[in-house]
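A quick write-up on the structure given underneath.
The values are calculated or read from the model by the stated rules, or taken from the named source; none is laboratory data. Nothing here was measured: the structure is a model prediction, and the numbers come from that model. For neighbour counting, all protein chains shown are included, and Cβ atoms are generated from backbone atoms with ideal geometry for every residue, glycine included. Heads up: the accessible areas ignore ligands, DNA and RNA and are worked out on the full protein's heavy atoms, side chains in. Shrake-Rupley method; radii C 1.70, N 1.55, O 1.52, S 1.80 Å.
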Amino acid sequence: MGFHVVLYLHDAIVCEENNTIFRAVLVIRNDLVRAGIAPNKNKSIWSPCQSFKWLGIILDLSSDNSFDLKRTKATDVPFNK
């Protein structure tokens, strides 16, 4: 059994359908605790949401399976010219 997770260093996003998200979160949280990793209660969001801040970027996943970067952060992203 596996789950769709986006991981960057110690920050993660669980990407699952409505029917599996609660099971995925429960398994992942229990695995972290069993491994001796204490999730930060102030930064962790354990309930499903579509708009959130991750790695300093505000993401909105509420429309057509795509995501939008908020303009304030998108202009700060360095691009090679």
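Put a dot 7 Å past each Cα toward the Cβ at N19 and N40; how far apart are the dots in nm?
The two pseudo-label positions are separated by 3.6 nm.
Need the full-extension length gain, D11 to I58, defined as separation in residues times 0.36 nm minus the C-alpha distance. One decimal, nm.
So the chain would gain 15.5 nm between D11 and I58.
What do you reckon, how do F52, F3 stack up by accessible area (1.4 Å probe), largest on top?
Greatest to least solvent exposure: F3, F52.
Packing-wise, with mean Cβ within 10 Å as the measure, how do 9-20, 36-47 rank, highest first?
9-20, 36-47
Tell me the label-point distance for the pair D31, H4, using the 7 Å Cα-to-Cβ offset, in nm and rounded to one decimal.
Result: 1.6 nm between the two label points.
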